[in-house]
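Quick notes on the structure that follows.
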Amino acid sequence: MKRTKGGEEASNGESPPEACKKVRTETSEEPEAVAASGSPHCDWSLLPQEILLHIFQYLPLLDRAYASQVCRGWNEAFHMPELWRCFEFELNQPASSYLKATHPDLIKQIIKRHSNHLQYVSFKVDSSAESAEAACDILSQLVNCSLKTLGLISTARPSFMEVPKSHFISALTVVFVNSKSLSSLKIDDTPVDDPSLKVLVANNSDTLKLLKMSSCPHVSPAGILCVADQCHGLRELALNYHLLSDELLLALSSEKHVHLEHLRIDVVSENPGQHFHTIKKSSWDAMVRHSPKFNLVMYFFLYEDEFGPFFNDEIPVTHLYFGRSVSKEVLGRVGLHCPRLVELVVCANGLRPLDEELIRIAKHCTQLSAIGLGECEVSCGAFVEFVKMCGRRLSQLSIMEEVLIPDHKYSLDEIHWEVSKHLGRVWFPDMMPTW
């Protein structure tokens with residue numbers, strides 16, 4: 001479309017959008033300038049603040065600060081309260097060093113001006129102690145903040161565990177004391193301890209709903225029990241098995257406690273031959289009676305000879321993941337004692353076929369809808385029988401082709417037709433990449 005001087009349209013019957021028309025009229029660009037640049041001039045200062053806000057939300061902190069210096073409108077967008085309600089401090093070793101050495105005033109300015117706007121905050125750090133210390137320094141400045149969610153995320157260990165415990169606890173306590181409505185707290189792999197949890201409970205017991213604190217070696221069963229006793233609105237909880245106790249399950253099952261929705265337990269062996277305690281069946285039964293729809297997610301990273309205390313009685317696990325090799329005997333016990341099982345993932349088993357174990361699981365675990373098998377072996381005939389018993393409720397079926405062993409009933413070329421027929425959809429085994 002050809003334009004005359006002053007931004008007037010040629011009479012060709014076309015009409016540009018109103019926003020572009022306003023920009024063209026106000027800039028009154030010369031035809032020669034347009035021709036030289038190859039495109040009409042666009043005044044970025046005229047972008048609506050809603051659009052600027054949306055763009056700024058994708059920018060890291062330093063980029064936001066640089067953008068705020070472009071013009072007055074962008075500076076106003078930089079200080080909009082909506083921009084600071086949800087923010088992630090992403091700190092890796094070069095970035096945290098540069099930020100800590102060059103821009104401490106920027107952090108102080110943001111916290112001073114927007115501390116009452118910060119509500120959903122997370123810190124993502126790498127494995128360096130320097131990054132974790134930079135996160136702690138920022139945490140210790142959140143004196144006037146009232147956070148609703150806080151997440152401390154280590155992309156690689158050890159990170160926060162390398163920070164002096166007193167420094168970390170002091171910084172975290174600042175948030176616990178000043179945030180009177182904290183509802184979600186994710187502090188996996190940190191040196192949090194029992195006294196700091198008591199501070200958390202004293203100030204946020206009425207609002208805390210989610211607590212994730214796996215791999216926190218300084219917390220004792222008594223410390224997590226204190227949280228369960230006081231935080232009656234707790235709906236999601238993630239912790240290591242050594243913190244799980246009969247007393248904790250009974251506290252979560254009390255009449256004054258809300259129905260728990262999600263309980264994740266990581267069962268991790270630090271050293272071969274480690275001893276694990278047993279949870280009574282009556283404690284699990286109390287949980288099921290109180291919260292009949294809760295999900296119990298268990299991750300096992302044990303050696304084969306350490307499974308003695310597990311799956312000897314009925315356990316209400318719904319999602320079960322074995323990260324290391326697990327024996328046929330243990331999988332057989334899973335089939336007998338896990339009636340609520342919904343998802344099962346076995347990374348490795350060995351070279352003994354799991355035919356009987358899979359059939360047992362299909363028979364007794366009537367809610368099973370997802371299964372994944374890695375370095376295992378199953379005969380094609382037993383696998384087809386397993387799928388036939390489960391039927392179309394198997395919404396996820398991830399089996400490596402190497403797992404399936406041809407027998408007198410089915411070959412590898414025939415099995416996908418039989419499995420597809422019973423699933424009611426086309427299915428093929430997963431293929432191992434060749435690269």
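Name every residue in the range 410-428 that is part of a helix (DSSP H, G or I), open to solvent by 50 Å² or more (accessible area, probe 1.4 Å) and not aromatic (Phe, Trp, Tyr), in order of residue number.
Let us first name the residues in the range 410-428 that are part of a helix (DSSP H, G or I), namely 412-423.
Pick out the ones that are also open to solvent by 50 Å² or more (accessible area, probe 1.4 Å) and you get 412-414, 417, 421.
Within the range 410-428, Leu412, Asp413, Glu414, Lys421 qualify.
Going by what's in this entry, would Ala36 be described as part of a helix (DSSP H, G or I), at pLDDT 65 or above and hydrophobic (A, V, I, L, M, F, W, C)? Reasoning before the result, please.
On the way: part of a helix (DSSP H, G or I): yes; at pLDDT 65 or above: no; hydrophobic (A, V, I, L, M, F, W, C): yes.
No: the conditions fail for Ala36.
Do you know which residues across the range 154-163 are crowded, with 18+ Cβ neighbours inside 10 Å and hydrophobic (A, V, I, L, M, F, W, C)? Steps first, answer last, please.
Narrowing the range 154-163 to residues crowded, with 18+ Cβ neighbours inside 10 Å: 154, 159-161, 163.
The answer is Phe160, Met161, Val163.
Which of the numbered conditions does Lys280 fail, given that it passes all the others? Conditions: (1) open to solvent by 60 Å² or more (accessible area, probe 1.4 Å); (2) farther than 26 Å from Ser181 by Cα; (3) out of contact with any Asp or Glu (no Cβ under 9 Å at 6 or more places or on another chain).
Going through (1) open to solvent by 60 Å² or more (accessible area, probe 1.4 Å); (2) farther than 26 Å from Ser181 by Cα; (3) out of contact with any Asp or Glu (no Cβ under 9 Å at 6 or more places or on another chain) one by one, Lys280 breaks only (3).
Can you tell me which residues in the range 176-194 are of a type in the set (Val, Ile, Thr) and open to solvent by 20 Å² or more (accessible area, probe 1.4 Å)? Steps first, answer last, please.
Within the range 176-194, the first condition is being of a type in the set (Val, Ile, Thr), and the residues that meet it are 177, 187, 190, 192.
Val177 - this is the single residue of the range 176-194 that is of a type in the set (Val, Ile, Thr) and open to solvent by 20 Å² or more (accessible area, probe 1.4 Å).
Consider the range 298-332. How many of its residues are within 17 Å of Cys376 (Cα to Cα), open to solvent by 30 Å² or more (accessible area, probe 1.4 Å) and in a helix (DSSP H, G or I)?
Total satisfying the criteria: 3.
Which residue is modelled with the lowest pLDDT, if the candidates are limited to the range 375-404 and must be open to solvent by 60 Å² or more (accessible area, probe 1.4 Å) and part of a strand (DSSP E or B)?
By that ranking, first place goes to Glu375.
Starting from residues that are of a type in the set (D, E, K, R) and assigned to a loop (DSSP other than H, G, I, E, B), keep the ones in the range 231-258 and report whichever is surrounded by the most Cβ atoms within 10 Å (Cβ to Cβ).
Of the range 231-258, the ones of a type in the set (D, E, K, R) are 235-236, 246-247, 255-256.
From what is left, the residues that are assigned to a loop (DSSP other than H, G, I, E, B) are 235, 255-256.
Working: Arg235: 19, Glu255: 6, Lys256: 7.
Checking each candidate, the answer is Arg235.
Here's the yes/no breakdown for (1) aliphatic (A, V, I, L, M); (2) more than 20 Å from Glu414 (Cα to Cα):
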{"residue": "Ile361", "(1), (2)": "yes, yes"}
{"residue": "Cys365", "(1), (2)": "no, yes"}
{"residue": "Leu373", "(1), (2)": "yes, no"}
{"residue": "Val378", "(1), (2)": "yes, no"}
{"residue": "Ser395", "(1), (2)": "no, yes"}
{"residue": "Met400", "(1), (2)": "yes, no"}
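Conditions (1) small (Gly, Ala, Ser); (2) open to solvent by less than 50 Å² (accessible area, probe 1.4 Å), marked per residue:
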site	(1), (2)
Asp105	no, no
Lys108	no, no
His114	no, yes
His117	no, yes
Ser128	yes, yes
Ala132	yes, yes
Asn144	no, no
Leu147	no, yes
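Go through Val143, Val125 for me and flag whichever is aliphatic (A, V, I, L, M), in contact (Cβ under 8 Å) with a residue 24 or more places away in the chain and within 22 Å of Val219 (Cβ to Cβ).
Details: Val143 fails: within 22 Å of Val219 (Cβ to Cβ).
Of Val143, Val125, the one residue that is aliphatic (A, V, I, L, M), in contact (Cβ under 8 Å) with a residue 24 or more places away in the chain and within 22 Å of Val219 (Cβ to Cβ) is Val125.
Specify the residue that is least open to solvent (accessible area, probe 1.4 Å); the eligible residues are those in the range 164-175 that are within 24 Å of the chain's Cα centre (by Cα) and among the β-branched types (Val, Ile, Thr).
Taking the range 164-175 and keeping what is within 24 Å of the chain's Cα centre (by Cα), we get 168-169, 171-173, 175.
If we keep only those that are among the β-branched types (Val, Ile, Thr) too, we end up with 169, 173, 175.
Values: Ile169: 30, Thr173: 36, Val175: 2 Å².
By that ranking, first place goes to Val175.
Just checking, how many residues over the range 202-224 are crowded, with 18+ Cβ neighbours inside 10 Å, of a type in the set (A, V, I, L, M, F, W, C) and assigned to a helix (DSSP H, G or I)?
1
Restricting the first residue to the range 356-375 and requiring it to be in contact (Cβ under 8 Å) with a residue 40 or more places away in the chain and under 15 Å from Arg393 (Cβ atoms), which pairs with a second residue that is outside any strand (DSSP E or B) and among the aromatic types (Phe, Trp, Tyr) meet a Cβ separation below 6 Å and a spacing of at least six or different chains?
none
Sort out for me the helices (runs of 4 or more DSSP H) sitting completely within the range 77-127 that have 1 or more residues that are in contact with a His (Cβ under 6 Å, 6 or more places away or on another chain) and modelled with pLDDT of 80 or more. Please lay out each step first, then the result.
On the way: elements: 81-84, 93-102, 104-114.
Qualifying helices (runs of 4 or more DSSP H): 81-84.
Please go through the range 318-329 and pick out each residue that is more than 20 Å from the chain's Cα centre (by Cα) and in contact (Cβ under 8 Å) with a residue 24 or more places away in the chain.
As a first pass, look at the range 318-329 and keep what is more than 20 Å from the chain's Cα centre (by Cα): 324-329.
Answer for the range 318-329, where residues must be more than 20 Å from the chain's Cα centre (by Cα) and in contact (Cβ under 8 Å) with a residue 24 or more places away in the chain: Arg324, Ser325, Val326, Lys328.
The values are calculated or read from the model by the stated rules, or taken from the named source; none is laboratory data. If you're wondering where the values come from, they're calculated on a predicted model, not measured in any experiment. Note that we place each Cβ from the backbone using ideal geometry, even for glycine, and neighbour counts take in every protein chain shown. Remember, those area values only see protein heavy atoms, side chains included, never the ligands or the DNA or RNA. Shrake-Rupley method; radii C 1.70, N 1.55, O 1.52, S 1.80 Å.
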